[in-house]
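Asks: Can you keep this structure in mind? I'll have questions shortly.
The values are calculated or read from the model by the stated rules, or taken from the named source; none is laboratory data. Here the structure is a predicted model, which means the values were calculated and not measured. Glycine gets a Cβ as well: all are built from the backbone with ideal geometry, and neighbour counts include every protein chain shown.
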Amino acid sequence: MMEGANRTKQVLTFILGMETYGVDILLVQEIRGWSQVTRIPQTPPHVLGVLNLRGSIVPIVDLRMRFRLERAEYTAVTVIIVLSVETSSGRRDLGVVVDGVSDVIDIKAVDLKPAPDLGSQVSTEFIQGLMTVGENMVMLLDIDRLVGGDIGDVVMPPKVANG
Amino acid sequence: MALDLEQFHEAFFEEAFEALDTMESALLKLNIGNPEPELVNTIFRVAHSIKGGSATFGFTEVASFTHTLETLLDELRGGRMQVTRGLSDLLLKSVDVMREMLRSVQHKTPIDPQRVADLQFDLELAILQKNQAPAAAPELPDVAPAPTPDAALPTMPATAILGQRRWQIGFRPYPQLLLRGNDPLRLLRELHELGSLEVEVDISGLPALSEMNTEDCYLAWNLVLTSEVTRDVIAQVFDWAEGDCKLEIVEIKSGLAERTAPPSAVVVPIGIASAHEAQIEVATTATLEPAAEQGRSQGASPATPSPAQGGSDSGSIRVSTEKIDEIMNTVGEIVITQSMLSQLGSSMEGPLAEQLRSGLAQLERNVRELQEGVMRVRMLPISFVFSRFPRMVRDLSHRLGKEIELKLTGDTTELDKTVLEKIGDPLVHLVRNSIDHGIEKPDIRRAAGKAAAGTVHLDAYHKGGNITVEVRDDGAGLDRDRILAKARERGLVGATEVPDDTAIYDLIFAAGFSTAEKTTDVSGRGVGLDVVRRNVQELGGTIEIRTERGKGSCFTITLPLTLAIVDGQSVAVGSETYIVPLTTIIESMQLKPSMVNRIAGRGEVFLFRDGYVPVVRLHQVFGVKPRTHELHEGLLMIVEGEGRRVGLFVDDLLGQQQVVIKSLETNYRRVEGVSGATILGDGSVALILDVPGLIRFAAERLAA
């Protein structure tokens, strides 16, 4: 992972509540405004449903719910970042719902600090590393892990809704 | 040799299997006692090219077997052997064995060597017996049969007549020879089999190591072959290298002159078909026709191991289905965009709006044509499936001692490749069923005043937006009373119940149902018709049976033309829209509260026609907030899957439309009860219900 300490890469940062996260910009396919999704039965609650993205059916994940943050109302400024990730079963696209995108920054590998272990109350498994931009801390997301352990495999135990 | 031949394996297998199909159908057409030379040539060419290809790739078992087969076929081709029923059976068996061998090599699985050895022995025996027959003509024996001790015998008498000749062979490969899948070592080995061979390699073309390209051939050979063979036998060895080498075959005269003195040297810088044919005409005396034929087919595709297709080169190209699917997807998107634009256009006003609308109408027409065009590309004639039946019927009727005439009509009817691949097995089942249970033995048929030979008729045709395939026989028909008795015995029908005929005949599709008095190895184990029905339903089709006692029965399968599109009914549940495939819907109705009964306080059922049907509330299964919970305020849709019926409770019916099926699994995963998704005219996504899956899933949930 430390391929040349001075190599830089570009990261798209976005806001979730009070926090700033980042993703490798090479994974980003497009950024689009929020639109109503089609719900899918038998999915974990943070998988909101699917959207039509230029003809392919793409699942949409609410990152706030994924990270157990307080749920926000979807407004006109809510955006969906569409990411394309290579997985064991081929290329997969997914959309993540965030409060808003903020910036594109260059980071060096040396600037990336490992996330400290915060015990069981805070999950850091999707955090690739931490970095400081200006006065803010940015958490770089490990999208591969997010997709691998989240969208593809996990099935929530079926739960009969009371009709 | 550093060249990676594996990259050519797939192409070889694909072509070899195709060639075997050609060979099989040619064998089936072959007249016993009076074979058409053209067919025999076709069969020979297939064996020859598979031998060449498998030897090149080092599949020695296949090569050795085909070699023996080729020897036998060459005898046939030369008219030195008669085509008998037994021989034709033997050859058909050889096709099976070759297919199995190739498949086992392809999948790297072991093969039963005994079976191959037995058959090879039979082939050798057939060759041997022909040589003992007085009709044996003293013609050239071509190549020696496989290196088994007793197989060497048959060449002996011929040797004495022609005598030894010495051939000087100049073999100068062009650099690309190796890339075309030719192995000079194989060629030398094959020459060696013809007689004693002196080999001299010419390395003058060899560049410095640093300039060497590992995949180029720099060597040349000067060979002297002492053998009894003729020039064209030698030329045949180099068949696959044509166009990739310069070949010079000169006879070193010493004594025995030939009947017709061939020109002393033939230089063969081949590559252009016409030039090659001219060469063959000069060089050949005995086997002009087939050799020239072969030259033509090779001129088109120089020296890759492509089995000759019996002149069926129809100017087509091979395209991977993936590429077609990509185009199909793009076209699907255009359709959606176009319908969005049309919606927008219809709400426009102003002076230009009319122009815009007419432009959009034009676009719609073109898009529809484009979509149909792409869909047609995926279509293949059903003859791809039908072609396996002549052989099957022949074998089965043999085994069961029945006389059966197979009629195939409508075999040019086209349907989607995916549908085609999945309909083969169900059809095989039905045809077997007809032969085993339907058609009676000849004496029974005669006693019933029917022709001794029964007829099985497969017919395919388009009807509406669907394709219909019928399997008809003029056999005994279904025995209504026996089915009913059996069903009562198994408790499928109550003792006093008297269902109508259609319901009774429907029983034969029940799992494990068989009325055969004894189980044969062909059918009768009761596995079958239920599987057939399930397969057909999985394809979104239906199957029906009509039958008349003593006159025969007819199975009618109706299939969608393609799996990429489905006719659907859109339904609303709360704010969601779902698509229900039309083929699964029996009826939609509104219930009165009095019609619904509860079982054990939980399961809701209602009376539909002659049975109780459970209610499945779609909003409950999918966890959606519905518009109403009251059954009489919504609609009940009676749907059927895998023989089970349920009443699907939805809020409302929206409309019927054709939708393009998209996979959820591409970016997400499989979802229980959902077969895919589609994009509606407004760009939003709607899920397509998998009705059988949904019924299963709902039942599990109710049980839990």
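Asks: I'm trying to understand the selection: among the residues of the range B:544-601, which are in the same structural domain as B:LEU420 (by TED's automatic domain parsing), part of a strand (DSSP E or B) and basic (Lys, Arg)?
Replies: Listed by number, the list holds a single entry, B:ARG546.
Asks: Cβ-Cβ under 8 Å, sequence separation 6+ or interchain: first residue in the range B:639-655 and crowded, with 22+ Cβ neighbours inside 10 Å, partner among the aromatic types (Phe, Trp, Tyr). Which pairs?
Replies: What qualifies is B:GLY647/B:PHE606; B:GLY647/B:PHE608; B:VAL650/B:TYR578.
Asks: Is it the case that the range B:47-62 has a residue that's closer than 20 Å to B:SER387 by Cα and in contact (Cβ under 8 Å) with a residue 60 or more places away in the chain?
Replies: No.
Asks: Okay, moving on. Limited to the range B:312-360, what total is found for residues that are away from chain A (no Cβ under 12 Å), in contact (Cβ under 8 Å) with a residue 12 or more places away in the chain and over 27 Å from the mean Cα position of the chain (by Cα)?
Replies: Of the residues in the range B:312-360, 8 are away from chain A (no Cβ under 12 Å), in contact (Cβ under 8 Å) with a residue 12 or more places away in the chain and over 27 Å from the mean Cα position of the chain (by Cα).
Asks: Are there any strands (runs of 3 or more DSSP E) wholly within the range B:158-242 with 2 or more residues that are of a type in the set (A, V, I, L, M), and if so which?
Replies: Here the list reads B:196-202, B:220-227.
Asks: If you go through the range B:655-697, how many residues are in a loop (DSSP other than H, G, I, E, B), more than 15 Å from B:LEU618 (Cβ to Cβ) and either touching a strand residue (DSSP E or B) at 6+ places or on another chain (Cβ under 6 Å) or more than 11 Å from every other protein chain (Cβ to nearest Cβ) (or both)?
Replies: Qualifying residue count, the range B:655-697: 8.
Asks: Another question, then. Has the range A:25-36 got at least one residue that is touching a Gly at 6+ places or on another chain (Cβ under 6 Å), under 30 Å from B:SER339 (Cα atoms), within 14 Å of chain B (Cβ to nearest Cβ) and not in a loop (DSSP other than H, G, I, E, B)?
Replies: no
Asks: Select from the range B:612-654 the residues that are within 14 Å of chain A (Cβ to nearest Cβ) and part of a strand (DSSP E or B) and write down the one among them that is farthest from B:MET375 (Cα to Cα).
Replies: Residue satisfying both the conditions and the ranking: B:VAL615.
Asks: Of all residues in the range B:348-373, how many are at pLDDT below 85 and of a type outside the set (Asp, Glu)?
Replies: Final tally of qualifying residues: 5.
Asks: Kindly provide the set of residues from the range A:51-69 that are under 10 Å from the mean Cα position of the chain (by Cα), more than 14 Å from chain B (Cβ to nearest Cβ) and at pLDDT 80 or above, ordered by number.
Replies: Across the range A:51-69, the qualifying residues are A:ASP62, A:LEU63, A:ARG64.
Asks: What number of residues within the range B:602-611 are assigned to a strand (DSSP E or B) and of a type in the set (Asp, Glu)?
Replies: Residues meeting the conditions: 1.
Asks: Follow-up question, since we're still on this one. Pairs please, first residue from the range A:90-119 and more than 14 Å from every other protein chain (Cβ to nearest Cβ) and touching a residue at least 40 places away in the same chain (Cβ under 8 Å), second anywhere and assigned to a strand (DSSP E or B) and polar (S, T, N, Q), Cβ atoms under 6 Å, 6+ apart in sequence or on different chains.
Replies: So the pair list comes out as A:SER102/A:THR13; A:ASP103/A:THR13; A:VAL104/A:GLN10; A:ASP106/A:THR8; A:ASP106/A:GLN10; A:LYS108/A:THR8.
Asks: State all residues of the range B:53-78 that are small (Gly, Ala, Ser), out of contact with any Lys or Arg (no Cβ under 6 Å at 6 or more places or on another chain), surrounded by fewer than 24 Cβ atoms within 10 Å (Cβ to Cβ) and assigned to a helix (DSSP H, G or I); if no residue qualifies, say none.
Replies: Matches in the range B:53-78: B:SER64 only.
Asks: Could you tell me whether B:VAL367 is in contact with a helix residue (DSSP H, G or I) (Cβ under 6 Å, 6 or more places away or on another chain) and either surrounded by fewer than 16 Cβ atoms within 10 Å (Cβ to Cβ) or free of Cβ contacts under 8 Å to residues at least 24 places away in the same chain (or both)?
Replies: When the stated conditions are applied, B:VAL367 does not pass them.
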